[in-house]
Amino acid sequence: MAIKVRLFRPGDAPRIAEIVQRCLREVNSRDYPQHVIDKMCAHFTAERFIELSASRLIYVAEGDGVVVGTVSRVGNEVYTMFVDPDFARRGIGRQLVQQVEVSAARDGYDRMETGASITAHGFYLKLGYTDVRTSETEFGFNYILRKTLPPAQAARPL
């Protein structure tokens, strides 16, 4: 299946919320207690994604007309990267993160930052992010990571 990354449309919100909640319950739940997973699921609703789209660039990965992943960006910060568990380990997450990196580089940023869950920490390390510090958020333990963007990346087309 060919994956295309495109900008979010409000009609994507229910599917994105479904993907995020599935990931949280099926994947992140091995690293976080149930009350944290429940709180995160309650936070990431379709309505919340529509709200967030007013202040974030939200991208979706789509294959054969079906949304299979999402990521968002504010400035040089990566947020809310999730891939449908049925499509995990196919390079979709990497493609989504590369999209926000290219977009940020085009906007003049020379580095990216993200707050990663315990579950996503290894994923970001594989993409060249390095640990800066850890933090506690309302959703539990979090890694703060950073990646320097290569100058040539700014010229790469979408």
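Readers should treat all values here as calculations from the given coordinates under stated rules, not as data from a laboratory. In this text, all values refer to a predicted model and were calculated from it rather than measured experimentally. Here the Cβ positions follow ideal geometry from the backbone for every residue, glycine too, while neighbour counts run over all protein chains shown.
Under the condition of being surrounded by fewer than 18 Cβ atoms within 10 Å (Cβ to Cβ) and not in a strand (DSSP E or B), the residues counted in region 124-146 number 6. At least 2 residues being surrounded by 20 or more Cβ atoms within 10 Å (Cβ to Cβ) and on the phi > 0 side of the Ramachandran plot is the threshold, and among the strands (runs of 3 or more DSSP E) wholly inside region 1-89 not one reaches it.
Just a yes or no: is a residue in region 94-113 out of contact with any Leu (no Cβ under 9 Å at 6 or more places or on another chain), more than 16 Å from Leu7 (Cβ to Cβ) and in contact (Cβ under 8 Å) with a residue 60 or more places away in the chain? Scanning region 94-113 turns up no residue that is out of contact with any Leu (no Cβ under 9 Å at 6 or more places or on another chain), more than 16 Å from Leu7 (Cβ to Cβ) and in contact (Cβ under 8 Å) with a residue 60 or more places away in the chain.
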